[in-house]
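The values are calculated or read from the model by the stated rules, or taken from the named source; none is laboratory data. Since the structure is predicted, the reported quantities are computational estimates derived from the model, not experimental observations. For neighbour counting, all protein chains shown are included, and Cβ atoms are generated from backbone atoms with ideal geometry for every residue, glycine included. Each accessible area value is taken on the protein alone, full model and side chains, heavy atoms only, with ligands, DNA and RNA left out. Shrake-Rupley method; radii C 1.70, N 1.55, O 1.52, S 1.80 Å.
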Amino acid sequence: MKIRQFISEQKVTIAVQLIILLCVNAYLFLLSTDTIQQEDILYLDMVLITFYLGGFYISYIKWKSSYEQLYHALEEGEDITREEIKGDDVSGEIMRYIVDTKELKFAKEQANNEERIKEMEEYLSKWVHEIKLPISALSMMVERIEDDEVGYDVKHEIERINLLVNNVLYGSRATAAVEDLFIREERLDEIVKTAIRQSAFFLIKNNIEVEMAYLNLEAYTDKKWLVYVIGQMISNAIKYAGVNGKISFYGEEDAQYIILNIKDYGVGIAEEDQERIFNKGFTGKNGRNTTYKSTGMGLYFSKKILDKLGHDIEVESVEGKYTLFRIKFYKISDYIKVAKM
């Protein structure tokens, strides 16, 4: 907010003031007498100009204080509230009206978007439950196939469809409102066992060894959502298992957290990719390898869910050796603080 901008805005007023001063000077020079000398007229001009410059500077300071905060907010791309708009003049009223109109329009658009998202979520939920009926029927029909090899292949495809359908359901809800969260004390061993059972077919098919240790811990979480997150970790571990497929689940406890560790001994994650694996659509070095098929959405949705649950997640990996995910649950006294945020 420089003074030349203020001068540019006031150029008409400045021009009018100069014309008035010139007219007054011309009139006084024409009427100059022995009592009114030219030196007196020049002295009067200096006094008038001094007063005018003083008033001009005061007006500039008021103008700058009124608009500087708004100007900086616009430069930084920040939102402007009506409380930040100072002054009761016409320009202030117009700006407040514009802000009120935009906020009202944004609120209506947001309400419409939320309604559309809710409708789509309801539709997906109904679709998932309807599609599960033929999937269940197909699972039972597989048992009638006499050729074991064909039956096994069909079972594999049915399980893949079931997994993808569940991913659609949970993925659609992951970015929605937190209405579907039910936080209570849950046993980690039961949650991990449920996630393992849901992925049992693929674990067995890929000869993945599973180890569990020190999971007789309790944490405040939503079991359904956490099972989904752990399922994503298991799915990635199977996908990138390498030669020696193995997944270890083990718990830890410190003064602040209950910690669930999920460690696989697969291809690992490149060091340059580790900070970005939770980014939307990021597949990294492994995802670009044609050996593995990745959408880059599983870990993105998992992070979204864990954020809503108030859990932290960390990743540690050595390429070609292992990947370790650490899900950290606040203990009850700390969890209450997080829930109030």
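Test GLU122 against the criterion of being under 40 Å from the mean Cα position of the chain (by Cα), among the charged types (D, E, K, R) and open to solvent by less than 40 Å² (accessible area, probe 1.4 Å), and give yes or no.
It is false that GLU122 is under 40 Å from the mean Cα position of the chain (by Cα), among the charged types (D, E, K, R) and open to solvent by less than 40 Å² (accessible area, probe 1.4 Å).
Spot the failing condition for LYS331; the list is (1) at pLDDT below 90; (2) touching a Lys or Arg at 6+ places or on another chain (Cβ under 9 Å); (3) more than 19 Å from TYR228 (Cα to Cα), and only one is missed.
Result: LYS331 passes all but (2).
I need every pair where a residue in the range 307-332 that is among the hydrophobic types (A, V, I, L, M, F, W, C) has its Cβ under 6 Å from the Cβ of a residue that is open to solvent by 50 Å² or more (accessible area, probe 1.4 Å) and in a strand (DSSP E or B), sequence separation at least 6 or different chains.
Correct list of pairs: LEU324/GLU316.
Determine which single condition ASN207 fails, assuming it passes every other condition in (1) surrounded by fewer than 17 Cβ atoms within 10 Å (Cβ to Cβ); (2) at pLDDT 90 or above.
It fails just one condition, (2).
How about the range 233-257: which of its residues are touching a helix residue (DSSP H, G or I) at 6+ places or on another chain (Cβ under 9 Å) and surrounded by fewer than 22 Cβ atoms within 10 Å (Cβ to Cβ)?
SER235, ILE238, LYS239, TYR240, GLY245, LYS246, GLY251, GLN256, TYR257
How many residues, within the range 86-118, are of a type outside the set (Lys, Arg), modelled with pLDDT of 65 or more and open to solvent by less than 60 Å² (accessible area, probe 1.4 Å)?
Looking only at that region, the number is 5.
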